[in-house]
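Data first, discussion second: the structure below is written as structure tokens.
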Amino acid sequence: MRKQIVAGNWKMNKNLQEGIDLCKSIIALTSEVTREVIISAPYIHLATLVDLCKGTNLKVAAQNCHHKQSGAYTGEVSTAMLADLGLDYVIIGHSERRAFNAETNSLLAEKIDAALSQNLKVIYCFGETLEERKSNVHFDLVRTQITEGVFHLSAEQMTKVVFAYEPVWAIGTGETASSEQVQEMHAHIRQVITSKYGSEVAQNTSILYGGSCKPSNSTDLFSQTDVDGGLIGGASLKVTDFVSIIKA
């Protein structure tokens, strides 16, 4: 049975003390939650959050990694370094990394390999822009992002990968993805996985929704057959909102 997961992506927000306070509040309010909860924070928080989350149901993720394990790559952090901290996950291919850092599917495939080589689990992100959806290429685009990003992996390696669909057109644009549109794409994603790895792998792969998920729509979104939780942005910075989504 695939995991139900809610991951909070803090992006470039919160100083260290603010992050500690937020994490402690989340821990206090989710002690009875059975769904897996992941906090993805900036690098400065990670060592501290790993210590705070020991013995709780919270997992900790990095927001990015480098595809090499060491070398002259100023400002970068390797998966070996992340694994040494005791992290559980790393986010790879977030829409903002694709857009602002020109990360390609082939580079992301290398990052995934680097993460898996260090026994880190991966949250692999992908999705289309508004122009791509209006051009009716969104299904093919998502298929390509999945094919080029993860189809080199074995079925066993796929058990370490969580998918996160990000409709870029529905994040901070005023546009809203309906629950029907979300389910349609998640079903497509699961079928793409099935085409390569078969039904058993596909049915055991968690697919998260990474659009504008908030307390008011989380219950409806999470009730969709192929939606296994969410990758939450802004709402993860407010403890009451994030906990409401976790419990949706």
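The values are calculated or read from the model by the stated rules, or taken from the named source; none is laboratory data. These numbers were taken from a predicted model, which means no experiment stands behind them. Cβ: placed from backbone, ideal geometry, glycine included. Neighbour counts: every protein chain shown.
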Note to self: Against the condition in contact with an Asp or Glu (Cβ under 8 Å, 6 or more places away or on another chain) and farther than 23 Å from GLN224 by Cβ, how does LEU141 come out, does it pass?
What the structure shows: no
Next item on the list: Could you check the range 87-196 for helices (runs of 4 or more DSSP H) lying wholly inside it with 2 or more residues that are modelled with pLDDT of 95 or more?
Entry: 95-100, 105-117, 138-150, 155-158
Check: Does any residue in the range 117-137 that is surrounded by 13 or more Cβ atoms within 10 Å (Cβ to Cβ) come within less than 9 Å, Cβ to Cβ, of a residue that is among the acidic types (Asp, Glu) and in a helix (DSSP H, G or I) six or more places away or on a different chain, and which pairs are these?
Finding: GLN118/ASP84
Checklist line | Given (1) without any contact (Cβ under 8 Å) to a residue 24 or more places away in the chain; (2) out of contact with any Ser or Thr (no Cβ under 6 Å at 6 or more places or on another chain), number of the condition VAL182 does not satisfy | finding: (1)
Check: Given the structure, is ALA177 crowded, with 20+ Cβ neighbours inside 10 Å, farther than 26 Å from VAL60 by Cβ and small (Gly, Ala, Ser)?
Finding: yes
Note to self: Condition first: closer than 24 Å to ASN119 by Cβ, touching a residue at least 60 places away in the same chain (Cβ under 8 Å) and outside any helix (DSSP H, G or I). Can you find one or more residues in the range 229-247 that meet it?
What the structure shows: yes
Checklist line | Which listed residue is charged (D, E, K, R) and either touching a Leu at 6+ places or on another chain (Cβ under 9 Å) or over 20 Å from ILE92 (Cβ atoms) (or both), from LYS196, LYS214 | finding: LYS214
Check: If you take the residues in the range 22-44 that are of a type in the set (Val, Ile, Thr) and more than 30 Å from GLY75 (Cβ to Cβ), which one is surrounded by the fewest Cβ atoms within 10 Å (Cβ to Cβ)?
Finding: THR34
Notebook entry, point to check: Do we have any residue at all in the range 74-97 that's more than 30 Å from GLU200 (Cα to Cα), among the acidic types (Asp, Glu) and crowded, with 16+ Cβ neighbours inside 10 Å?
Noted result: yes
Checklist line | Selection from the range 17-34 of residues that are modelled with pLDDT under 95 and either assigned to a helix (DSSP H, G or I) or among the hydrophobic types (A, V, I, L, M, F, W, C) (or both) | finding: VAL33
